[in-house]
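The values are calculated or read from the model by the stated rules, or taken from the named source; none is laboratory data. Being a predicted model, the structure only gives us computed values, none of them experimental. Methodologically, a virtual Cβ is constructed for each residue, glycine included, from the backbone with ideal geometry; neighbour enumeration extends over all protein chains shown.
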Amino acid sequence: MTPEEFRRHAHGFVDWMADYLASVGDLPVKAQVRPGEIAARLPLQAPQAGEQMATIFDDFRHIVMPGITHWQHPSFFAYFPANSSPPSVLAEMLMATLGVNGMLWQTSPAATELETRVMEWIRDMLGLPPTFSGVIQDTASTATLCALLTARERATGWRSNQEGLQGMSRFRVYASEETHSSIEKDVRIAGLGAANLRKIAVDEANAMRPQALAEAIEADRRAGHQPLAIIATSGSTANGAFDPLDAIADISAGNGLWLHVDAAWAGSAMILPEQRHLMRGAERADSFVFNPHKWLLTNFDCTAYLVRDVDALVRTFDIMRVYFDTKERGQAIDYRDWGIQLGRRFRALKLWFVIRSYGVAGLQALVRQHIAAAQAFAQAVRTEEDFELMAPAPLALVVFRYRPAGHPANDLDRLNSELAQRLNDGGQLYLTPGKARGAVTLRLSVGQSGTRSEHVERAWQLIRDTARTL
């Protein structure tokens with residue numbers, strides 16, 4: 001493809017992108033296809049000869065697009081958002097054009113130094129102290145794995161990377177019953193064993209019970225195990241629960257354990273001073289993670305990982321080879337040493353574009369707007385006799401269910417599952433089912449970049465009307 005051909009096609013693509021962003025709200029939120037339908041329209045073998053870009057793009061529009069669930073739809077209320085915004089998309093285009101691998105300072109000094117400065121901005125926006133240093137990871141799953149591996153190395157005197165875990169103490173990791181599935185996966189990958197993830201009982205607000213945590217640690221010590229780390233949750237996936245970080249930090253400090261705070265979704269709310277009370281004690285953690293790609297208008301993937309002990313992090317991941325031995329080594333940061341991946345995308349560029357385009361005040365206004373819309377939805381649920389909230393809703397996740405008067409209690413799970421399926425299949429909104437107190441629930445997460453109060457109000461009307469036809 002010549003530069004002129006590239007220019008012509010790129011202009012056409014950008015026109016399509018702008019039209020898509022302007023009209024995505026008119027599309028069904030969830031893809032309206034059956035399993036295998038897209039694959040059936042794709043050739044079994046790759047083409048031997050190259051094809052025209054116009055033909056490829058036409059197939060994109062007619063084959064791929066029908067199978068897309070539109071995460072940028074303003075009525076996307078499922079999971080948590082994977083947000084986008086025009087400034088972030090433009091930065092992604094520049095990132096793809098540059099094709100930077102920012103593994104070393106030397107391989108693109110701007111990529112390294114921009115990431116360092118942007119992560120300082122992020123730390124300050126969250127109200128965390130300057131004792132934290134930040135690095136961009138791909139996802140929260142990876143960041144938490146980095147925390148566990150660093151904790152493991154520190155606890156073994158930096159021996160387990162070299163010798164393995166054979167013959168060492170049986171480590172224990174502690175998290176609440178509300179912890180995300182990625183925590184168990186990370187415990188497995190770190191070689192600690194899923195059986196050594198102790199899930200601590202929660203209270204009526206689905207938050208970890210500090211007393212139960214302390215008792216579990218003491219019991220493990222008596223049994224000959226070695227407590228290693230605590231993973232505290234700030235904004236759980238199922239029910240939006242917040243563990244009491246201050247009390248957990250006391251226990252962590254008293255036992256010499258690594259404390260990692262998983263605030264993947266809710267951490268963005270810390271840019272609002274009035275919401276920081278939900279995560280009071282985060283400043284005492286050893287590491288903290290949240291995803292700007294969830295609630296701060298930055299395209300997936302972009303995870304902010306903040307740590308206190310950078311030397312421990314680097315010592316865990318640094319492997320020296322002659323091709324990494326640049327003359328700047330020791331004078332500048334080489335982010336290859338700050339995580340699992342060697343190759344690193346220039347993710348800081350899109351975060352920089354977003355923060356500069358919206359400003360801190362603009363991002364705060366959006367998060368406040370989403371919280372207000374979710375709070376109005378929660379209040380509407382409270383006022384209806386045949387609906388009920390199933391968990392506290394301090395931010396922008398509302399967990400509820402339909403409970404019509406006189407309906408058999410043993411059939412409510414089926415009823416709510418059917419309600420979720422009917423709503424999602426209708427294409428006008430998308431939400432996810434969940435469980436709270438052993439019962440099937442519906443989760444409505446407000447946070448998509450284009451979502452406004454009118455979309456939430458329309459969702460409530462549709463949910464209520466659909467429920468009453470069941």
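Go through region 443-468 and report how many residues are crowded, with 16+ Cβ neighbours inside 10 Å and either in a loop (DSSP other than H, G, I, E, B) or in contact with a Pro (Cβ under 6 Å, 6 or more places away or on another chain) (or both). Break it down into steps so the answer makes sense when it comes.
The first filter runs over region 443-468 and keeps only residues crowded, with 16+ Cβ neighbours inside 10 Å, leaving 443-451, 455-456, 459-460, 463, 466-467.
When the remaining residues are screened for being either in a loop (DSSP other than H, G, I, E, B) or in contact with a Pro (Cβ under 6 Å, 6 or more places away or on another chain) (or both), the result is 446-451, 455.
Qualifying residue count, region 443-468: 7.
Condition check ((1) within 30 Å of Thr116 (Cα to Cα); (2) at pLDDT 95 or above; (3) not in a strand (DSSP E or B)) across all residues:
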{"residue": "Glu215", "(1), (2), (3)": "no, yes, yes"}
{"residue": "Gly254", "(1), (2), (3)": "no, yes, yes"}
{"residue": "Leu278", "(1), (2), (3)": "yes, yes, yes"}
{"residue": "Val289", "(1), (2), (3)": "yes, yes, no"}
{"residue": "Asp301", "(1), (2), (3)": "yes, no, yes"}
{"residue": "Ala304", "(1), (2), (3)": "yes, yes, no"}
Taking Ala205 and the conditions (1) in contact (Cβ under 8 Å) with a residue 60 or more places away in the chain; (2) in a strand (DSSP E or B); (3) aliphatic (A, V, I, L, M), which numbered condition does it fall short on, given that it satisfies the others? (2)
Qualifying residue in region 309-329 (condition: in contact with a Ser or Thr (Cβ under 6 Å, 6 or more places away or on another chain) and part of a loop (DSSP other than H, G, I, E, B)): no
Residue hits (region 221-235; in contact (Cβ under 8 Å) with a residue 24 or more places away in the chain and touching a helix residue (DSSP H, G or I) at 6+ places or on another chain (Cβ under 9 Å)) are His225, Gln226, Pro227, Leu228, Ala229, Ile230, Ile231, Ala232, Thr233, Ser234, Gly235
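Would you check if Val187 is β-branched (Val, Ile, Thr) and out of contact with any Asp or Glu (no Cβ under 7 Å at 6 or more places or on another chain)? If you could, list the steps in order and put the result at the bottom.
Details: β-branched (Val, Ile, Thr): yes; out of contact with any Asp or Glu (no Cβ under 7 Å at 6 or more places or on another chain): yes.
Yes; evaluated as a whole, the condition is true for this residue.
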Please verify whether region 400-407 includes one or more residues that are more than 22 Å from Ala207 (Cβ to Cβ) and surrounded by 17 or more Cβ atoms within 10 Å (Cβ to Cβ). yes
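Residue-by-condition table, conditions (1) among the polar types (S, T, N, Q); (2) touching a helix residue (DSSP H, G or I) at 6+ places or on another chain (Cβ under 7 Å):
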| residue | (1), (2) |
| --- | --- |
| Thr2 | yes, no |
| Arg34 | no, no |
| Met53 | no, yes |
| Asp59 | no, no |
| Gln72 | yes, yes |
| Ser85 | yes, yes |
| Glu92 | no, yes |
| Trp105 | no, yes |
In region 101-130, anything crowded, with 19+ Cβ neighbours inside 10 Å and assigned to a loop (DSSP other than H, G, I, E, B) is listed as Gly102, Met103, Leu104, Trp105, Leu128
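Could you look through region 251-288, keep only residues that are touching a residue at least 40 places away in the same chain (Cβ under 8 Å) and closer than 13 Å to Arg308 by Cβ, and pick out the one that is surrounded by the most Cβ atoms within 10 Å (Cβ to Cβ)?
We begin by selecting, within region 251-288, every residue touching a residue at least 40 places away in the same chain (Cβ under 8 Å); these are 251, 257-258, 260, 262, 264-273, 275-276, 278-279, 282-283, 285-288.
Within this subset, residues satisfying the condition of being closer than 13 Å to Arg308 by Cβ are 258, 260, 282-283, 285-288.
On the way: Trp258: 23, His260: 28, Ala282: 25, Glu283: 19, Ala285: 27, Asp286: 25, Ser287: 26, Phe288: 30.
Filtering first and then ranking leaves Phe288.
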Return yes or no: is Val367 under 28 Å from Leu94 (Cβ atoms) and at pLDDT 95 or above? yes
If you check Ala214, Ala269, which single one turns out to be under 24 Å from the mean Cα position of the chain (by Cα) and not assigned by TED's automatic domain parsing to the domain that holds Ile371? Ala269
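Restricting region 232-250 to residues that are closer than 25 Å to Val446 by Cα and aliphatic (A, V, I, L, M), which is surrounded by the most Cβ atoms within 10 Å (Cβ to Cβ)? Walk me through it before giving the result.
Of region 232-250, the ones closer than 25 Å to Val446 by Cα are 232-245.
Then keep just the ones that are aliphatic (A, V, I, L, M); that gives 232, 238, 241, 245.
On the way: Ala232: 29, Ala238: 20, Ala241: 27, Leu245: 26.
Among residues in region 232-250 that are closer than 25 Å to Val446 by Cα and aliphatic (A, V, I, L, M), the one surrounded by the most Cβ atoms within 10 Å (Cβ to Cβ) is Ala232.
Identify all residues within region 442-462 that are closer than 21 Å to Thr69 by Cβ and free of Cβ contacts under 8 Å to residues at least 60 places away in the same chain; write none if there are none. Don't jump to the end; show me each part of the working.
Filtering region 442-462 down to residues closer than 21 Å to Thr69 by Cβ leaves 442-452, 455-456, 458-459, 462.
Leu442, Leu462, listed by residue number.
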Subset of region 1-42 [charged (D, E, K, R) and either more than 14 Å from Arg61 (Cα to Cα) or exposed (fewer than 10 other Cβ atoms within 10 Å of the Cβ) (or both)]: Glu4, Glu5, Arg7, Arg8, Asp26, Lys30, Arg34, Glu37
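Across region 147-180, what is the total count of residues that are out of contact with any helix residue (DSSP H, G or I) (no Cβ under 9 Å at 6 or more places or on another chain) and surrounded by fewer than 20 Cβ atoms within 10 Å (Cβ to Cβ)? If you could, list the steps in order and put the result at the bottom.
Narrowing region 147-180 to residues out of contact with any helix residue (DSSP H, G or I) (no Cβ under 9 Å at 6 or more places or on another chain): 155, 157, 162-164, 166-167, 177-179.
Pick out the ones that are also surrounded by fewer than 20 Cβ atoms within 10 Å (Cβ to Cβ) and you get 157, 162-164, 166-167, 177.
Residues meeting the conditions: 7.
Quick one: which residue in Arg336, Arg308, Arg321 is basic (Lys, Arg), modelled with pLDDT of 95 or more and in the same structural domain as Arg123 (by TED's automatic domain parsing)?
Numbers: Arg336 fails: modelled with pLDDT of 95 or more; Arg321 fails: modelled with pLDDT of 95 or more.
Among Arg336, Arg308, Arg321, only Arg308 is basic (Lys, Arg), modelled with pLDDT of 95 or more and in the same structural domain as Arg123 (by TED's automatic domain parsing).
Kindly indicate which of Ala420, Ala365 is within 25 Å of the chain's Cα centre (by Cα), exposed (fewer than 14 other Cβ atoms within 10 Å of the Cβ) and not in a loop (DSSP other than H, G, I, E, B). Talk me through it step by step, then tell me what you get.
Working: Ala420 fails: exposed (fewer than 14 other Cβ atoms within 10 Å of the Cβ).
Just a single option satisfies the conditions, and that option is Ala365.
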Could you list, in sequence order, the residues of region 174-202 that are more than 24 Å from the chain's Cα centre (by Cα) and assigned to a loop (DSSP other than H, G, I, E, B)? none
Can we say Val354 is part of a strand (DSSP E or B) and either surrounded by fewer than 17 Cβ atoms within 10 Å (Cβ to Cβ) or among the β-branched types (Val, Ile, Thr) (or both)? no
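When region 158-173 is examined, which residues are found to be among the small types (Gly, Ala, Ser) and within 31 Å of the chain's Cα centre (by Cα)? Quick ask: steps written out before the conclusion?
Step one: list which residues in region 158-173 are among the small types (Gly, Ala, Ser), which gives 160, 164, 167, 169.
Residues satisfying the conditions are Ser160, Gly164.
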Does region 379-391 hold any residues that are crowded, with 20+ Cβ neighbours inside 10 Å and either part of a helix (DSSP H, G or I) or among the basic types (Lys, Arg) (or both), and which are they? Val381
Scanning region 1-19 residue by residue, the ones that are among the aliphatic types (A, V, I, L, M) and in a loop (DSSP other than H, G, I, E, B) total 1
